[in-house]
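Chemist: Take a look at this one; I'll ask things after.
The values are calculated or read from the model by the stated rules, or taken from the named source; none is laboratory data. Model, not experiment: these values are computed from the prediction. As a convention, Cβ positions derive from the backbone with ideal geometry for all residues, glycine included, and neighbour counts pool all protein chains shown. Keep in mind that these areas ignore ligands, DNA and RNA; they rest on the heavy atoms of the full protein, side chains included. Shrake-Rupley method; radii C 1.70, N 1.55, O 1.52, S 1.80 Å.
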Amino acid sequence: QVVADMREKRYAQEGIGSSYLFRVDHDTIIDATKCGNLARFINHCCTPNCYAKVITIEAQKKIVIYSKQAIGVNEEITYDYKFPIEDTKIPCLCRTDSCRGTLN
């Protein structure tokens, strides 16, 4: 967490507007901000069509995105970021009928 917090501060100082950090477990956070595949751009949704799962392959933890339903051509892929509850709220922009209003 300490390293992730330092990176977020450094990215802000460098003018990088968004960071792409994914908590795998209590001790591991994957940072795809400067390198990673296009999955780092999958948006949050309160009623997503996918979910993220961490699996282990040959002793390495991997993030896998699974669909919850059939996804049509040109339909956006989304999953629930499941951010921890914090005092400072991040607004949710998914606009679904059951939107919680915040990501955290």
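Chemist: Return the Cα extents of the chain along principal axes one, two and three, sorted largest first, each rounded to a whole Å.
Modeler: 38, 37, 25
Chemist: Hand me the tally of lysine pairs in the chain: alpha carbons under 20 angstrom apart, and the pair either on different chains or 8 or more positions apart.
Modeler: Pairs that pass both the separation and distance tests number 11.
Chemist: Next question, about the same structure. Enter the accessible area of PHE22 (Å², nearest 10), with the probe set to 1.4 Å and all protein chains included.
Modeler: 50 Å²
Chemist: Hey, got a sec? Which trypsin sites (Lys or Arg not before Pro) in the range 11-75 land in a DSSP loop and have at most 15 other Cβ atoms within 10 Å? Intermediate results must be reported in sequence, preceding the final value.
Modeler: Details: sites: ARG23, LYS34, ARG40, LYS53, LYS61, LYS62, LYS68; in loops: LYS34, LYS68.
Listed in order of number, the matching sites are LYS34, LYS68.
Chemist: Normalised by the residues of the chain, what does the relative contact order come to in percent, with Cα pairs under 8 Å and at least six apart? Numbers along the way, then the final one.
Modeler: Values: 134 pairs, mean separation 22.6, N = 104.
Dividing the mean separation by the residue count of the chain yields 22 percent.
Chemist: Which sequence of ASP5, ASP27 reflects their accessible areas, 1.4 Å probe, from the largest down?
Modeler: Details: ASP5 65, ASP27 130 Å².
The ranking, largest first, comes out as ASP27, ASP5.
Chemist: Still on this structure, I have one more. Carbon and sulfur together cover what percent of the accessible area of the chain at a 1.4 Å probe radius? All intermediate terms of the calculation are to be shown ahead of the outcome.
Modeler: Numbers: 4150 of 7890 Å².
Carbon with sulfur: 53 percent of the solvent-accessible area.
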